[in-house]
Each structure stands twice: as structure tokens, then as C-alpha cells.
1. Give the order of Y25, Y67 when sorted by the count of other beta carbons within 10 angstrom, beginning with the fewest.
2. Rounded to the nearest 0.05, what FRET efficiency do D55 and E17 have when you use their Cβ-Cβ distance and R0 = 45 Å?
3. Kirkwood hydrodynamic radius (Cα pairs, Å) of the chain?
4. Grab the other residues whose beta carbon is less than 15 angstrom from that of E109, score K and R as +1, D and E as -1, and report the net.
5. Could you tally the net charge around E260, taking each other residue with its Cβ under 13 Å from the Cβ of E260, Lys/Arg +1 and Asp/Glu -1?
6. To make sure I understand, if each residue's beta carbon is the centre and we count other beta carbons within 10 Å, what order do R254, R66 fall in, fewest to most?
7. List the lysines whose alpha-carbon lies under 26 Å from that of K2, not counting same-chain residues fewer than 8 positions away?
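Read-outs: derived from the displayed coordinates by stated rules, not from any lab. What you are looking at is a predicted structure, and each value in this text was computed from that prediction instead of being measured. Cβ sites come from the backbone with ideal geometry, for glycine too, and all protein chains shown count toward neighbours.
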Amino acid sequence: MKPVTLSTLQAYKRGGETFSCLTAYDASFARMASDAGIEVLLVGDSLGMVLQGHDSTLAVTLDDIRYHTRCAAQGKGNSLLMVDLPFMSNISQERLLQNAGELMRAGAEMIKIEGESWMADGIRELSRRGVPVCAHLGLTPQAVHQFGGYKIQGRDQERADQLLADARILVDAGASVILLECVPAELGQVMRDTLEVPVIGIGAGVDVDGQILVMHDVIGVTQGRTPRFAKNFLTDADDIASAFRHYHEDVKARRFPAAEHSF
């Protein structure tokens, strides 16, 4: 596999080809996922839950993310490395630029930011400075207390229209990718058809440009309730490497997510 870049993802969208994404937090699993063909790796603030044992992502610090970015960067192979900007890392535009710069120096190739249209100015400044940005919309885990829990977003038409309007604003500001979490499959398809940038989904149906899952869900070590959008690919695999390959192949063939993994 040639090195995956933003241009690769854009070409996939133009050609109607989907791509797979997976979280990775260290060199070993990053290498295994890259070898399986996974196009995009995410050093996610989900590490606060799956590695640190917290009940949300809010406790994750910039130092945590920077450390795991350096680890994953050593094993990412030809995959594109996307990295989360943790909670309250963007309390000012100056802080946003400084923190994004730190993560890029640690090995990030794209920064993922949670937020709605109010993030447009920050995304515009990052884009001007050559930082590719993925804007995360829908269920944004850093706002879990504001949502009152991990709830599906965009079920009613007014909220769906607002999410689409926010996505357009952020793309106009320079966002290179949109990530949609826990929205109805119909909204995922509308986003894909409307926006000129790749749209990655997690619990957003099959009709988006790419799919992402947390690595721990793919290999069945989820603690507590398994999210509806997740699937344990290790069940029918011989080992973790095979589970990663099965996930990648099912995404590429649009066998995953199936209806039971969608809203």
C-alpha cells in the first residue's frame, strides 16, 4: 500500500470507494492495523476510557495524547495518522494553534476537533497554517454532559438540518474531513452526497465515505455495554491481525456496518 494522504481520501470519495479507519494508541497495534490495510489510524481521546479506565474522555490531557501520538507514529506504516485534540485544548485561538502544533510535531498528520459551527474561525486559522482538520459532529463525546449522556443526534429534522449547516460552515472554513458519530443513516448519506470532503461515520450508516471504530470494540474487549454500532470481528478470526483484516475487508465491501449497527 502506498502512503495514504488526504489526497488519497479525496480520490476515494471521487471514485465512490470507501475506506477504513481504526483507533491505535501504540506502535505495535498501529503497525498491525496498517499491515491489515487500514487507511486511517486515530489516536483518539477514547484512550481515556479504554486505556485509563475513565467513564468519559474528559480526563485526557494534551500530554496523554502527545505521548500516544509519538508511540503510534512509530508504527503507523503507510496509514494516515489522525489525532484528537483533547477536551478544553481550544479555549482560545492561541491555545488551539499551539496545541495542534504540538501534536503535529509529535507525528500527527491530521487533527480531529469536536465542535459545531463555532469552531470555524479556529479551523480557518489551522488550515491557513497547513494543518489538515477533521471536524467531528453529531455525538461529540467531549460534550457528553451537555447532551445528558451518549445519545443519538439528528433524529428530528431541525437538528439534522442544523448538523448539515454546521458541516457546510466548517468545510467552507477549511475542514478537510467530517466525522459523524451516532446519527441516523439517512443523515449520513445526505452528508456524503452534499459535502465535497470525505465523510467518516461511526454509527452513521453504511452510506458514508469511510468507517471508523475503536480498536477495543473490534477485538471484543469493550467494557460495559457494547455500542450498537460496534462489532467484535475477533469472533470469526484466528487472531487480532485477522480481525483487523476482516474489519477492513468488510468496510471496503460495504458489508459493515449492517442494518443492525445503524440508527
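1. Y67, Y25
2. Numbers: r = 37 Å, r/R0 = 0.82.
The pair D55/E17 has a calculated efficiency of 0.75.
3. By the Kirkwood definition, the hydrodynamic radius is 18.0 Å.
4. The answer is +4.
5. +3
6. R254, R66
7. K13, K76, K112, K252
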